[in-house]
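Just below is one structure, and these are the notes that go with it.
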There are 2 protein chains.
Amino acid sequence: MSLCVSLDVMGGDQAPSIVLDGAELALQEVKDVRFHLYGDKNLIKSQLSKHPFLSSKSEIFHCTEVVTSDTKPVDALRRLKDSSMRRAIEAVAEGKCDAVVSAGNTGAYMALSKITLKSLDGIDRPAIAALLPTVHGYCIGLDMGANLECTAENLMQFAVMGDVMARRMLGVKNPTIGLLNVGTEEVKGHAIVQHASQLMKEIPDINYVGFVEGDDINHGVADVVVTDGFTGNVSLKTLEGAAQFIFSTIRNTMESSILGKLSYLVGHKSFKNIKNRLDPRKYNGATFLGLKGIAVKSHGGADAVAFANAIKVAINLAKNSDTLNLGQEIEEKIKEL
Amino acid sequence: MSLCVSLDVMGGDQAPSIVLDGAELALQEVKDVRFHLYGDKNLIKSQLSKHPFLSSKSEIFHCTEVVTSDTKPVDALRRLKDSSMRRAIEAVAEGKCDAVVSAGNTGAYMALSKITLKSLDGIDRPAIAALLPTVHGYCIGLDMGANLECTAENLMQFAVMGDVMARRMLGVKNPTIGLLNVGTEEVKGHAIVQHASQLMKEIPDINYVGFVEGDDINHGVADVVVTDGFTGNVSLKTLEGAAQFIFSTIRNTMESSILGKLSYLVGHKSFKNIKNRLDPRKYNGATFLGLKGIAVKSHGGADAVAFANAIKVAINLAKNSDTLNLGQEIEEKIKEL
């Protein structure tokens, strides 16, 4: 039986269209997958008429409620019992689907995932882990926005989870783990990062390299960059904004002179390669790490290409769940602490 | 009498050479300026032999101690009474110099500046304000690293200071003020940004636009971006790292094919313009905002070009101090709260 991914069709700035367009794009690459679509059935049906292939691979589950970007997590938990987000997650908890993807409200998505899918044994706070581009390839950044305030113990657990993810998903043998701070010297930072750094030094069999700074992310100084969800979310989005800004500056500058235009024509393929390498949409799809089921978060502002990528991340995690077995290894490592 | 700038010659990763090289570069552009050089006199003398023009414009003040990157601020305050950093700041407090520039330990520099130059009346915590590039030109980001933990009241005061700086230094008539957060919706963020946002709404005559996200910095959504020093420092350095990473990717990709190389040759001037526009060194030189004297912080890893830029920021502030009069206006605005 092919894999099944449940989609919160109503989540994200441009839902439901980009969710369905993204699913169609993902299907073109990965054919042996089915979808459970959660949301307003009339809306979904009217959109699906554009996508006969997706339609043939999907089942619609009507939901009467929607978690919006300004829904408080507590309301998503207690009040909205029939939201598309909740029911898409429940499909994984009930074993009907292998993974869930949503571009909706991050706080609500994490809260519902924790309640519904449960945290791994020993993990106090699951985290959002994203792949970030570096000069060497990728690093894993966590937490990218689930836990806005973190204790030193939370950060230590993120280090353990990031270590396992880097070994299993990036295939790094002895991943370097850095803790994001305002300087690399041991005296730098506030009490929480100071304490967390001491705790990380005591984790057995981990390659903790100490504090790293913002510019070390792209420089690839560490395979795993640990931080609280507030700082992580801001720096992730800062990276995206910088990439967009730089590309628009390049385009405008090249277009403003004849030689610039000519250069762009001649180097067209190189420019395309550069954009492919750095396009933030290619990194869309962050993993909720520390849960007993697979949940992937897409950027709220994702377009169809970006959302398709988030679906592919979910499919990859689900396909390789037996061999990756992130959960079991994380639980074993946490027990050793 | 020409302006005088005091330099902490021993501060920064590559001190003293880049400090003196930077001063020489700045002198080539701004000729009517003198320097007081604080540091080890033998070291300074041996380096100055390379710079006869700078030598003729400088006076050396021997200091026996150095604040290093791992000196704790409390030690810089209580123990190191003859540090080059302290004495360079004292030169401003004593009226011998008009402004001080250091690339040294940020925490120590701010602590010494507060004790020596004093905070403006009503300002609890001075902040580090930096210019950041946007699609429209520049925005002001603060705090970029002075106060790692901030109360809602601190953030509100940063908003007032940023507003005055944007009006006076950027010439923006009714600057938009944004508070950095993980989302733009009112429900987003932890208790401190929630409270700070309420306080900012109540500041009279300020154009507070609510929460902004990391990608909004470069997109120029606000003229002033307010945040705590931890998040600000990480995002500032993340921006720098992203720019360096993207440029190295562009260079490597262009160099890897014949058409790429040709394109680079043809568009040489455009590439140079792009680099000039986005070069983080051009934005080096952050202002300590909220002090009774002028202190400018250079990036610790600055090269001579970047350090020269920090000196030019200090000269500009000192030259226009009567007309800019940031301090007086900030004090008046804070009184109104």
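The values are calculated or read from the model by the stated rules, or taken from the named source; none is laboratory data. Remember, predicted model here, so these are calculated numbers, not experimental data. When we count neighbours, we look across all protein chains shown, and the Cβ atoms used for this are built from the backbone with ideal geometry, even at glycine. Side chains included, ligands, DNA and RNA excluded: accessible areas come from the protein's heavy atoms. Shrake-Rupley method; radii C 1.70, N 1.55, O 1.52, S 1.80 Å.
Figures for the structure shown
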| item | result |
| --- | --- |
| Carbon plus sulfur fraction of accessible area for the protein assembly as shown, probe 1.4 Å, in percent | 50 |
| Chain A - accessible surface per residue (Å², probe 1.4 Å) | 39 |
| Heavy-atom accessible area, 1.4 Å probe, ligands and nucleic acids excluded: residues of region A:129-171 down by at least 20 Å² from chain alone | A:V135, A:L148, A:E149 |
| R0 of 22 Å, Cβ-Cβ distance B:K173-B:K201: FRET efficiency to nearest 0.05 | 0.60 |
| 13 Å beta-carbon shell around B:E332, net charge (K/R +1, D/E -1) | -2 |
| Relative contact order for chain A, counting Cα pairs under 8 Å that sit 6 or more residues apart, in percent | 23 |
| Debye log10 I(q)/I(0) for chain B, one point scatterer per Cα, at q = 0.07, 0.08 Å⁻¹ | -0.30, -0.39 |
| Length-normalised contact order for region B:130-282 - Cα pairs under 8 Å, 6+ apart - percent | 30 |
| Counting all C-alpha pairs of region B:130-282, share separated by more than 29 Å (%) | 27 |
| Nonlocal amide H pairs with A:G285, under 5 Å, H built at 1.01 Å | A:H299 |
| Nearest-20 debye value, chain B charge dipole, Cβ charges on Lys, Arg, Asp, Glu | 1120 |
| FRET efficiency estimate (nearest 0.05) - Cβ-Cβ, A:V305 to B:K272, R0 35 angstrom | 0.65 |
| Shape category assigned to region B:266-328 from the gyration tensor of Cα positions, a/c cut at 1.5 | prolate |
| Protection-proxy order for peptides B:43-52, B:227-236, A:286-295, A:86-95, each taking the mean of Cβ atoms within 10 Å per residue, highest first | B:227-236, A:286-295, A:86-95, B:43-52 |
| Largest-first principal axis extents of the Cα set of the protein assembly as shown (Å) | 83, 54, 53 |
| Directionally averaged projected area (convex hull, Cα atoms, region B:193-337), nm² | 11.5 |
| Estimated buried accessible area (total), pair A and B, 1.4 Å, Å² to nearest 100 | 4900 |
| Residues with amide H under 5 Å from that of B:C139, placed H, sequence gap 5 or more | B:L132, B:T134 |
| Heavy-atom accessible area, 1.4 Å probe, ligands and nucleic acids excluded: residues of region A:174-190 down by at least 10 Å² from chain alone | A:L180, A:N181, A:V182, A:E185, A:V187, A:K188, A:G189, A:H190 |
| Complex-versus-alone comparison for region B:222-236, residues with a loss of 50 Å² or more in accessible area, probe 1.4 Å | B:F230, B:T231, B:V234 |
| In order through region A:292-302: 3J(HN,Hα) via Karplus (6.51 cos²θ - 1.76 cosθ + 1.60), integer Hz, x for Gly, Pro | 7, x, 9, 10, 10, 9, 8, 3, x, x, 4 |
| Estimated Rh, region B:1-113: Kirkwood, alpha-carbon pairs, angstrom | 13.8 |
| Ascending list, in nanometres, of distances separating the A:S17 label from those of the other copies (7 Å, Cα toward Cβ) | 5.8 |
| Other-chain or far-sequence residues with amide H under 5 Å of B:V172's (modelled H) | B:R167 |
| Ranked by how many other beta carbons lie within 10 Å on average, peptides B:169-180, A:214-225 from highest | A:214-225, B:169-180 |
